[in-house]
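Participant: Can you keep this structure in mind? I'll have questions shortly.
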Amino acid sequence: MLKDAKNGLKKVYFADGVHLTYGYQKGKCWSKETVYVQSGYGRKRVNVLGFLDAATYQVIPVMDRKEKYLNADSVCKGLKKIREQNQDVQQIYVILDNAAYQRCKKVEEAAKEYRIILVFLPPYSPNLNLIERFWKFLRNTLLSVYYYNSFDCFFDAVEIFICTAHIHYKDKLASPLSFHFQILDVRFCLN
């Protein structure tokens, strides 16, 4: 399926949510003395449900300043956006984890309506979801090195990063978002 996505025969998206806190994000630097950095108040969060195109690294986000939670409606909005951007594509796959709001009747019905095939990952396998790697890249690139003087600035920076990372960071994303998955033989792990 992933090879077909790279060759343009299918579309494959990896989906997952992330909850980014407006506040101190652990950064690292070498210093002889303790360095104090400004930080926002860490009670507000940006909740994003992202759909990462496995071939192009473009992320289709579902995010809203007013939404406090991700739910089945968020997933349905994302599926609709995917279909709108890929009207001429016959086979679209969305790979999801087993979050309750993603694995429900409402989402299954929306997927059927938009002609999207849902593929659920095995439980406790975030390493198989490419968008988890994208979220890590976002945190390291955007959140741990900048101070945002308001929640609105923070929200805007996150939204712009998500929508343009596939353009500005394509070369840097190639390695973490590669299709190299380590497969372990369970027989040897249990001994």
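Participant: What residue among ARG65, ARG115, ARG43 shows peak mean-square fluctuation when the chain is described by a Gaussian network model with Cα springs under 10 Å?
Facilitator: Per the Cα network of the chain with a 10 Å cutoff, ARG43 tops the list.
Participant: Relative to the present Cα-Cα distance, how much length would full extension add between TYR147 and ASN98 at 0.36 nm per residue of separation? Provide the component values of the computation, followed by the final result.
Facilitator: Details: separation 49, 0.36 × 49 = 17.64 nm, distance 3.38 nm.
So the extension gain works out to 14.3 nm.
Participant: Moving on to the next point. What is the sum of charges, Lys and Arg at +1 and Asp and Glu at -1, for the other residues whose Cβ falls under 10 Å from the Cβ of LEU20? Each step should come with its number before you reach the end.
Facilitator: On the way: positive: LYS44, ARG45, ARG139; negative: none.
Once all neighbours under 10 Å are counted, the net charge is +3.
Participant: I would also like to ask the following. Any aspartates and glutamates with Cα under 18 Å of the LYS106 Cα? List them, leaving off those in the same chain fewer than 8 positions away.
Facilitator: Counting by Cα, and skipping residues close in sequence, LYS106 has these aspartates and glutamates nearby: ASP16, ASP73, ASP97.
Participant: In terms of solvent-accessible area of protein heavy atoms at a 1.4 angstrom probe, what is the ranking of HIS180, HIS19, HIS168, highest value first?
Facilitator: Final ranking, largest accessible area leading: HIS180, HIS168, HIS19.
Participant: Per residue, what accessible area does the chain have, given a 1.4 Å probe and all protein chains present, in Å²?
Facilitator: 64 Å²
Participant: Still on this model: Please tell me which of these pairs span more than 18 angstrom C-alpha to C-alpha: LYS32/LYS136; LYS80/LYS112; LYS80/LYS105; LYS77/LYS112?
Facilitator: Long pairs (Cα-Cα over 18 Å): LYS32/LYS136.
Participant: Here are some values of Cα Rg over 2.2 N^0.38 Å: (i) 1.11; (ii) 1.05; (iii) 0.96. Which one was computed from this structure?
Facilitator: Here Cα Rg over 2.2 N^0.38 Å agrees with entry (i).
Participant: Students sometimes get this wrong: rank ARG83, ARG133 by accessible area, probe 1.4 Å, all chains present, largest first.
Facilitator: Details: ARG83 20, ARG133 55 Å².
Listed by decreasing accessible area, they come as ARG133, ARG83.
Participant: Given the rule -39500 (n - 2.57) for each run of at least 4 DSSP H residues, summed and divided by the residues of the chain, what is its mean residue ellipticity at 222 nm, to the nearest 500 deg cm²/dmol?
Facilitator: My calculation for the chain gives -9500 deg cm²/dmol from helical runs alone.
Participant: Percent of accessible area on the chain owned by carbon and sulfur, 1.4 Å probe?
Facilitator: Within the chain, the accessible surface is 52 percent carbon and sulfur.
Participant: In square angstrom, rounded to the nearest 10, how much accessible surface does PHE137 have for a 1.4 Å probe?
Facilitator: 30 Å²
Participant: About its Cα centre, what dipole magnitude does the chain give when the only charges are +1 on Lys and Arg Cβ and -1 on Asp and Glu Cβ, stated in debye to the nearest 20?
Facilitator: 220 debye
Participant: For segment 29-133, what relative contact order do you get, as a whole percent, if you take Cα pairs closer than 8 Å and at least 6 residues apart?
Facilitator: 23 percent
The values are calculated or read from the model by the stated rules, or taken from the named source; none is laboratory data. Remember, it's a predicted structure, so these values are computed and weren't measured experimentally. No Cβ is skipped: glycine too gets one built from the backbone with ideal geometry, and neighbour counts run over all protein chains shown. When the accessible area is computed, the model is the full protein with side chains, heavy atoms only, and any ligands, DNA or RNA have been set aside. Shrake-Rupley method; radii C 1.70, N 1.55, O 1.52, S 1.80 Å.
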